[in-house]
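First up is the structure itself, then whatever we jot down about it.
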Amino acid sequence: RRFDVSGLTPTSFAYLAAGAHAFGHGSLAGESRMEVGFTPSRVQVPFHRSVQVNVVPEVPPEIDLVTFFTQFFVALVPTVLLEFTLTSPGRKLAKVLGFSVKDTSRGYVDLEERTILSQSAFDFNSWSKHRQNPTRYIKTTIGLLGSPNVLKRLQGPLFFFNVISTVVLFYDTYIQPRGLPEISLPPLPFTISSSALGLLLVFRVTNANNRYILARGKWGDILNVSRDLAQQASIWAKNPQDVLDFTRWVPAFSASLMCHLRDPARHDLAQELRAARGPPEGDVGDARGLLDEEIEQILNRPTGYSAPHFVLHRLRTKIGRLGLAKQERLLMEANVTRLINDLGACENILATPIPVGYTKHTTRFLFLWLALLPLALQSDLGIATVFGEQLIAFGLLGIEDIGIQIEEPFAVLPIDRICTKTALEAQVLRKEAAEAKKALLEPAPVVISEPAAPPDVKTTSTWDVLKGAFAVF
């Protein structure tokens with residue numbers, strides 16, 4: 001290479017010469033009799049006005065296969081561990097080591113993939129385990145390897161980001177030193193955009209949680225109103241047969257509503273209506289629940305009626321046949337109206353998700369952010385880039401996936417427990433009404449007693465009456 005040095009100051013020319021020698025592969029070449037004269041302001045080159053610097057490029061070192069495989073084995077350990085955990089031998093090993101935690105009280109929402117568990121109803125023992133310190137941290141973390149439901153849902157995205165991290169690591173370590181351009185990003189854009197990404201994720205999960213709480217509140221109101229209706233009928237109705245007929249239909253509403261709000265593949269309406277009769281040992285005699293003919297009426301309801309709406313229509317009809325006073329009937333009619341309002345609210349929650357545009361933008365932003373993140377991590381983490389990317393992706397993708405799971409709350413809420421409570425309590429009231437009906441139908445026992453003795457009647461003469469009258473005067 002040739003550089004023009006006619007305009008250099010003495011100091012700049014000295015730095016150029018020193019730099020060429022310090023480089024190790026260059027020299028300053030000129031005529032053997034070149035004379036260089038210096039003036040206070042310029043470099044004077046009488047015979048030549050340029051110098052030639054010969055630079056020999058560095059030869060990249062050869063790849064050591066042992067080092068190569070060692071580095072990438074260490075880098076890919078998180079990915080290999082993730083994939084092994086999801087295999088059948090990995091789950092068996094986790095069970096042997098005591099990592100497997102299986103909760104039999106919770107069913108799967110998605111019957112095919114079996115990755116989303118429904119929420120179980122807590123009791124005192126469950127709350128005690130839930131707030132244990134510090135064992136809850138250890139059990140929850142170790143249980144991730146034994147019950148890989150979360151890992152199954154995130155397996156695809158995590159594998160994709162691990163591949164990107166591996167490619168970036170290989171390029172920066174072995175390809176870029178051989179003369180190709182460096183591909184990296186500064187961490188500043190990720191630092192600035194992380195706040196916006198965090199707000200999107202928080203709002204997403206918060207809105208989904210609000211839907212979950214609203215749905216749970218509606219089903220709590222359904223449980224309370226169902227109890228109130230059954231008790232009002234059992235106390236105010238004059239005829240025990242009317243009580244039996246009415247309380248058979250009360251638990252049918254919650255059972256039919258559960259089937260109405262969930263995937264038909266999870267529940268069979270006829271089977272759930274039979275379960276609404278209550279425990280089999282109490283479903284006998286006059287205390288039995290819905291008859292088979294009544295279940296057929298619900299299944300063959302008119303077109304346009306949903307099953308819970310048809311049940312509420314029957315309940316309102318039967319209220320008019322209970323022979324109640326006006327005030328009592330108005331109170332029961334108001335309870336049926338509350339159930340209709342709860343039915344409409346649940347249908348609205350099911351039919352209207354969080355705005356789809358918001359959900360899609362959050363997913364796209366998160367995906368692109370994580371896909372480009374390895375380009376900024378490589379300069380600082382080096383061989384730990386894959387692990388760092390997987391850890392960050394697992395945390396952020398897990399938060400976003402929680403919002404997806406609870407956005408449709410009826411699939412994960414313990415609605416079955418509410419239906420079981422309603423059926424059991426209605427069966428208890430039917431048993432009481434059946435006993436009252438039996439007492440009315442049995443004839444009263446006839447008691448035969450001895451004839452009573454005639455009363456002791458004291459006779460009074462006329463003289464005694466006159467004597468008493470004179471005594472008064």
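The values are calculated or read from the model by the stated rules, or taken from the named source; none is laboratory data. Keep in mind the model is a prediction, meaning the values are calculated, not measured. Cβ placement follows ideal geometry from the backbone for every residue including glycine, while neighbour counts extend to all protein chains displayed. Just so you know, the surface numbers come from the protein's heavy atoms only, side chains and all, with ligands and any DNA or RNA stripped out. Shrake-Rupley method; radii C 1.70, N 1.55, O 1.52, S 1.80 Å.
Here are the numbers for the structure shown:
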{"quantity": "Value of relative contact order over the stretch 172-292, rounded to a whole percent, pairs C-alpha under 8 Å and six or more apart", "calculated": "16 percent"}
{"quantity": "Loop-located chymotrypsin sites (Phe, Trp or Tyr not before Pro) in the stretch 305-401 whose Cβ has at most 14 other Cβ within 10 Å (DSSP)", "calculated": "305"}
{"quantity": "Cα-based equivalent ellipsoid, the stretch 291-411: semi-axes from gyration tensor eigenvalues, Å", "calculated": "56, 15, 12"}
{"quantity": "Accessible surface, 1.4 Å probe, highest first, among residues 318, 360, 129, 238", "calculated": "238, 129, 360, 318"}
{"quantity": "Environment charge at residue 341 (Cβ cut-off 12 Å; Lys +1, Arg +1, Asp -1, Glu -1)", "calculated": "-1"}
{"quantity": "Total formal charge among the other residues, if their Cβ is under 13 angstrom from that of residue 75, Lys/Arg +1 and Asp/Glu -1", "calculated": "-2"}
{"quantity": "Heavy-atom accessible area ranking, 1.4 Å probe, most first, across 283, 342, 268", "calculated": "268, 283, 342"}
{"quantity": "Prolate/oblate/rounded label for the stretch 346-445 (Cα gyration tensor, a/c 1.5)", "calculated": "oblate"}
{"quantity": "Normalised contact order of the stretch 312-407, rounded percent, pairs of Cα under 8 Å and 6 or more residues apart", "calculated": "21 percent"}
{"quantity": "Pairs beyond 32 Å (Cα-Cα), from 218/438; 238/421; 218/437; 326/421; 129/360; 152/421", "calculated": "218/438; 218/437; 129/360; 152/421"}
{"quantity": "Which of 117, 343 is most accessible, then next, and so on - probe 1.4 Å", "calculated": "117, 343"}
{"quantity": "Net +/- balance of residues flanking residue 318 in space, Cβ distance below 15 Å, scoring K and R +1, D and E -1", "calculated": "+2"}
{"quantity": "Accessible surface of residue 130 - all protein chains present, 1.4 Å probe, nearest 10 Å²", "calculated": "110 Å²"}
{"quantity": "Calculated P(r) of the stretch 149-308 - Cα pairs past 21 Å, %", "calculated": "70 percent"}
